[in-house]
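Colleague: Questions regarding the structure given below will be posed in turn.
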Amino acid sequence: MQNRWFYTLAPPALLIFSWQLLALVINSALLPAPFEVFSVLWQAITTGELLPNLGITLARLLVSFFIAMTIGTAIGIILGLRKPLDRFFDSWLIIFLNIPALVTIILCYVWFGLTEAAAILAIVINKLPNVVVTLREGTRALNKDYFEMAESYNFSRAKIIKHVILPQLHPFLIAAARSGLALIWKIVLVVELLGRSDGMGYQLHLFFQLFDVASIMAYTIAFVTVIQMIELIILKPLDRRAQRWRR
Amino acid sequence: MININIQEKSWPATERTAKQSVIKNLKFSLESGEFICMVGPSGCGKSTLLNLLAGLDSDFEGQIQLESKSKNYSPHIGYVFQNPRLLPWRTVRENIDLALPEPLPEQSSVVVDNLIEVMGLTGAQHKYPEMLSLGMSRRVALVRAFAIQPDFLLMDEPFVSLDAPTARKVQKLLIDVWKKRPHTVLFVTHDLNEAILLADRILFLAPSPTKIIADIKIDISRESRDEEKIDRFKKKLFEENEEIRMLL
């Protein structure tokens, strides 16, 4: 147990300590010390400026995340099961994987206007190929032995999905969710910066124009904290649950 | 009575290989409640044949007629594979229960409890398959097959790679459970001793394309099948059948 606390607390403590040290050495407004940043963070929270923006960004993140995961999983499974389709669309997938995020965002705004829907669409398009590729791999790796067993014992379709397919895809779903969350975080801010007038991205844009480094860092901390919470409260327990049968 | 008549089973031609005929003109029948062993060298199409019988592969020419008690009744087929094929993310008990037909037959949980106890798995019921030894996993696979109360049980070298004492133990359990509720069993093995120990009748298969070269009844009573008698039977078999000796 002691060990666990050490590994949870010591790394961030060391990070903050190094940051403080560096701030002392550099001694410039461009790298504010941790204390200064945390007080700005506290101020931003108490004045009620940070949380609404964080909430808006989170909402965009969740909506696009669920759309991308659902559609991506469906497409990934179909491509994993159907070789001809996979062969046909493989090049599409590679193209979409490699279109720079900025290009999709700009095009979405140009084509569909500076709207919420265009913003969400841009995020989904960026994330989708990623999910498709991961789930396609997962589907290809499905073990044929288990399907034969299920077929010879007359498993119903629902039983096959619940007890044979999903447990095998679980690690791939978790992997897609993890990498997806990280990717969407990065993209959602750019989307907001370019075409929205609220959210974290928009705020960061304002701070950038004012050269307000302390605020930028304060917002980053709020951000990272939320991501850590999602990881700890949702993803880790899901992961543990799925792994409990392993030796 | 189960009538099997396979005119042809072949693998389609691919870019590199020509069309390959695995089974051709294979015809035999099984009496109800009979324990049949199939013996043949590896690669003689035994697993392919079992997959046809289990209905996993319908791409062949011929007919397989399973006995049916009544019109609306489709016979239960149990299949014990070469590897246990337990779902690693479900416990032993869940693996067995999942295989049961829906809606659950009456008394099925009593039947399962009883089988689990006979096979010595009571303590392992709620463990995950990865915690079990191979011998235990194979016993779970047996319970799963027996639990559905099969009319026809297919077994594909189910005891291969078990050490001799464990194999003997599981063989004995198999016969005990089968005797309590006799049903037709088709047991594939490449171990002639195992076949003589278990079977009412042995079919010897020769490869490519699969054909039956001998159909031998075992006339030793089940109770008195010991090593010595099995060896004597084997010797006699080899003396009388040149073909079998060449085969194995």
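Rule-based calculations on the coordinates, nothing more; no lab input. The structure presented is a predicted model; accordingly, all values stated were derived computationally and were not measured. All Cβ positions, even for glycine, are placed from backbone atoms using ideal geometry, and neighbour counts span all protein chains on display.
Colleague: Share of antiparallel DSSP beta bridges in the protein assembly as shown, in percent to the nearest 5?
Modeller: Bridges in the protein assembly as shown are about 50 percent antiparallel.
Colleague: I would also like to ask the following. Does segment B:24-63 come out rounded, prolate or oblate by the C-alpha gyration tensor, with a ≥ b ≥ c the root eigenvalues, rounded set by a/c under 1.5 and, if not, prolate when a/b is larger than b/c and oblate if not? All intermediate terms of the calculation are to be shown ahead of the outcome.
Modeller: Numbers: a/c = 1.62, a/b = 1.15, b/c = 1.41.
It is oblate, given that a/c is not under 1.5 and a/b is not larger than b/c.
Colleague: Right, here's the next one. What average count of beta carbons from other chains do you get within 10 Å of the Cβ of residues in B:123-133? Walk me through the numbers before you get to the answer.
Modeller: Working: counts 0, 0, 0, 0, 1, 4, 1, 3, 3, 0, 0.
The mean count of partner-chain Cβ atoms within 10 Å per residue comes to 1.
Colleague: Can you give the helix-only mean residue ellipticity at 222 nm for chain A, where every DSSP H stretch with n ≥ 4 adds -39500 (n - 2.57) and the sum goes over all residues, rounded to the nearest 500 deg cm²/dmol?
Modeller: On the way: 11 runs with 199 residues, N = 247.
It lands at -27500 deg cm²/dmol.
Colleague: As I understand it, the dipole of chain A uses +1 on the Cβ of Lys and Arg and -1 on the Cβ of Asp and Glu, about the Cα centre. Which of A:93, A:47, A:30 lies farthest toward its positive end?
Modeller: A:93
Colleague: Relative to the Cα centre, what is the charge dipole magnitude of chain B, using +1 at the beta carbon of each Lys and Arg, -1 at the beta carbon of each Asp and Glu, and rounding to the nearest 20 debye?
Modeller: Details: 32 positive and 34 negative charges, 22 e Å.
Approximately 100 debye in magnitude.
Colleague: Okay, next question. Where a ≥ b ≥ c are the square roots of the eigenvalues of the C-alpha gyration tensor, would you call segment B:45-122 rounded, which needs a/c under 1.5, or, failing that, prolate if a/b is larger than b/c, or oblate?
Modeller: Numbers: a/c = 2.47, a/b = 1.45, b/c = 1.71.
Because a/c hits 1.5 or more and a/b fails to exceed b/c, segment B:45-122 counts as oblate.
Colleague: Size of the dipole of chain A about the Cα centre, Lys and Arg at +1 and Asp and Glu at -1 on the beta carbon, nothing else charged, in debye to 20? Write down the numbers at each step before the final one.
Modeller: Numbers: 21 positive and 14 negative charges, 247 e Å.
Roughly 1180 debye, rounded to the nearest 20.
Colleague: Using alpha carbons only, how many angstrom separate the centre of segment A:107-172 from the centre of segment A:34-54?
Modeller: Result: 38 Å between the Cα centres.
Colleague: Moving to a separate point now. What 222 nm value per residue comes from the helices of chain B, counting each DSSP H run with n ≥ 4 as -39,500 (n - 2.57) and dividing by all residues, nearest 500 deg cm²/dmol? Write out the running numbers ahead of the final one.
Modeller: Values: 8 runs with 86 residues, N = 248.
For chain B, the value works out to -10500 deg cm²/dmol.
Colleague: Within 10 Å of each residue's Cβ, count the other Cβ atoms and sort A:217, B:131, B:155 from fewest upward.
Modeller: Arranged by neighbour count, lowest to highest, A:217, B:131, B:155 become B:131, A:217, B:155.
Colleague: May I ask for the net charge around residue A:171, where only other residues with Cβ less than 11 Å from the Cβ of residue A:171 are counted and Lys, Arg are +1 while Asp, Glu are -1? Mind dumping the intermediate values first?
Modeller: Values: positive: A:178, A:246; negative: A:137, A:239.
The answer is 0.
Colleague: Please state the shape class of chain A: rounded when a/c is under 1.5, otherwise prolate if a/b exceeds b/c and oblate if not, all from the C-alpha gyration tensor.
Modeller: Details: a/c = 2.74, a/b = 1.55, b/c = 1.76.
Oblate, since a/c reaches 1.5 and b/c is not below a/b.
Colleague: Under 5 Å between amide H atoms, partner at least 5 residues away or on a different chain: which partners does residue B:210 have, H built in plane at 1.01 Å?
Modeller: B:23, B:24
Colleague: Something else now. Cut-off is 10 Å between beta-carbons; in what order do B:128, A:7 appear when sorted fewest neighbours first?
Modeller: Working: B:128 20, A:7 9.
In order of increasing Cβ crowding within 10 Å: A:7, B:128.
Colleague: Relative contact order for chain A: what percent, with Cα pairs under 8 Å and sequence separation of 6 or more? Mind dumping the intermediate values first?
Modeller: Values: 207 pairs, mean separation 65.3, N = 247.
About 26 percent, as a whole number.
Colleague: Something else now. In percent, how large is the relative contact order of chain B, given Cα pairs closer than 8 Å and 6 or more residues apart? Please report the intermediate quantities before stating the final value.
Modeller: Values: 410 pairs, mean separation 69.7, N = 248.
Across chain B, relative contact order equals 28 percent.
Colleague: Would you mind pulling out the separation of the Cα centroids of segment B:1-70 and segment B:99-152, in Å?
Modeller: A separation of 27 Å, based on Cα centres.
Colleague: Once the Cβ-Cβ distance between residue B:107 and residue B:56 is put in as r, and R0 is 30 Å, what FRET efficiency do you end up with, to the nearest 0.05?
Modeller: Details: r = 29 Å, r/R0 = 0.96.
The pair residue B:107/residue B:56 has a calculated efficiency of 0.55.
Colleague: If I build a Gaussian network model for chain B, linking alpha-carbon pairs within less than 10 angstrom, which residue out of B:108, B:29, B:224 has the largest mean-square fluctuation?
Modeller: The residue that fluctuates most here is B:224.
Colleague: Another one. Hey, got the average number of other protein chain Cβ atoms within 10 angstrom for residues in B:97-106?
Modeller: Numbers: counts 0, 8, 7, 2, 2, 4, 0, 0, 0, 0.
Mean partner shielding for this stretch: 2.
Colleague: Of the residues A:140, A:157, A:60, which exhibits the maximal mean-square fluctuation in a Gaussian network model of chain A defined by a 10 Å Cα contact cut-off?
Modeller: Maximum among the listed residues: A:157.
Colleague: Gaussian network model of chain B, Cα springs within a sub-10 Å range: biggest mean-square fluctuation belongs to which of B:145, B:124, B:195?
Modeller: B:124
Colleague: As a footprinting exposure proxy, order B:174, A:169 by other Cβ within 10 Å, with the fewest listed first. Present the calculation step by step, with values, prior to reporting the outcome.
Modeller: On the way: B:174 24, A:169 21.
Going from least to most buried by this count: A:169, B:174.
Colleague: Another question, if that's okay. Assuming 0.36 nm per residue, please report the length gained on full extension of the stretch residue A:211 to residue A:81 beyond their Cα-Cα distance. Write out the running numbers ahead of the final one.
Modeller: Working: separation 130, 0.36 × 130 = 46.80 nm, distance 5.19 nm.
That pair, residue A:211 and residue A:81, stretches by 41.6 nm at full extension.
Colleague: Let me ask you something else. Across peptide B:78-88, how many C-beta atoms of other chains are within 10 Å of each residue C-beta, on average?
Modeller: On the way: counts 2, 5, 1, 4, 1, 2, 2, 9, 2, 9, 7.
The mean count of partner-chain Cβ atoms within 10 Å per residue comes to 4.
Colleague: Could you compute the FRET efficiency for residue A:88 and residue A:66, with r as their C-beta to C-beta distance and R0 at 30 Å, rounded to 0.05?
Modeller: 0.65
Colleague: Something else about it: Can you list the residues, at least 5 places off or on another chain, whose amide H is less than 5 Å from the amide H of residue B:45, using H built in the peptide plane?
Modeller: Correct list: empty.
Colleague: For chain B, which span is the longest to avoid every loop-located (per DSSP) member of trypsin sites (Lys or Arg not before Pro) having at most 13 other Cβ atoms inside 10 Å? List each step's numbers first, then the result.
Modeller: Values: sites that count: B:16, B:19, B:69, B:71.
Excluding the exposed sites themselves, the longest stretch runs over B:72-248.
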